[in-house]
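The values are calculated or read from the model by the stated rules, or taken from the named source; none is laboratory data. On a predicted model such as this, the values are computed, not experimentally measured, just so you know. Because the Cβ atoms are built from the backbone with ideal geometry, glycine has one as well, and the counts that use them run over all protein chains shown. Please note that ligands, DNA and RNA were not included when accessible areas were found on the heavy atoms of the full protein model with its side chains. Shrake-Rupley method; radii C 1.70, N 1.55, O 1.52, S 1.80 Å.
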Amino acid sequence: MAGNWSIGIRRLGKIAQGSALRPRYAARMEGRMWSALVGDQRRRAMSVLPEKILVATDGSKQAARATRTAADLAGKLGAELHVIRVGEPPVIFHPEMRGYTALYERTEQDGRKLLEEEAERIRASGATVARSHLRMGRPDVEILAVSEEIGAGMVVVGSRGLGGVKRALMGGISDSVVHHAHCPVLVVRAEVE
């Protein structure tokens with residue numbers, strides 16, 4: 001009885017791995033079987049280079065490096081380059097608080113100024129900016145929303161290079177974008193000094 005039980009467990013393990021359901025020669029033929037089952041459409045879609053690249057900037061050194069990388073990549077691939085800056089609105093709002101609207105507008109103007117400066121730096125380097133996007137809100141959510149709106153083929157973000165514990169406690173915009181994006185994400189790390 002014990003022997004039959006162990007054979008059943010091994011068989012379940014093989015079924016979970018998929019090897020019990022295919023013929024023994026299938027491992028050698030797997031690449032050919034995959035292409036026959038899926039067809040050429042999927043392979044062609046996977047090999048297409050991005051036509052639109054979205055790069056996020058916040059004025060930091062890491063974002064500047066990500067912007068340079070995205071501009072180089074867009075130039076070499078012949079892709080449209082879109083730049084996004086997400087301003088974080090003032091956190092505190094109270095109906096009786098005077099000047100909240102002015103504070104919000106000032107934050108938005110500062111973001112627009114930074115975005116225009118970054119777009120000008122990109123143009124000065126010889127690259128072309130298809131469009132600049134300014135949004136107000138949570139950076140990760142807004143970056144993802146714009147990437148879907150424009151149909152970006154790739155998103156480029158900078159990373160501060162936080163360690164595992166700090167990243168887990170503080171969260172990271174680049175982590176969130178990587179995990180929730182509909183397209184490939186290139187995370188550009190800060191230069192090691």
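Below is a table of values for the structure above.
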item: Cβ-Cβ under 9 Å pairs, at least 6 apart or on other chains, the range 123-141 side free of Cβ contacts under 8 Å to residues at least 60 places away in the same chain, far side open to solvent by 70 Å² or more (accessible area, probe 1.4 Å) and in a loop (DSSP other than H, G, I, E, B); result: Met136/Glu88; Gly137/Glu88; Arg138/Glu88
item: Filtered residue count, the range 124-147, keeping only those that are assigned to a helix (DSSP H, G or I) and loosely packed, with under 13 Cβ neighbours inside 10 Å; result: 1
item: Unique residue being at pLDDT below 95 and in a strand (DSSP E or B) when the list is Val178, Val157; result: Val157
item: The range 172-193 - residue that is out of contact with any strand residue (DSSP E or B) (no Cβ under 8 Å at 6 or more places or on another chain) and without any contact (Cβ under 8 Å) to a residue 40 or more places away in the chain and, of those, least open to solvent (accessible area, probe 1.4 Å); result: Ser176
item: Number of the condition not met by Gln109 [criteria: (1) open to solvent by 70 Å² or more (accessible area, probe 1.4 Å); (2) at pLDDT 90 or above; (3) closer than 30 Å to Leu49 by Cβ]; result: (3)
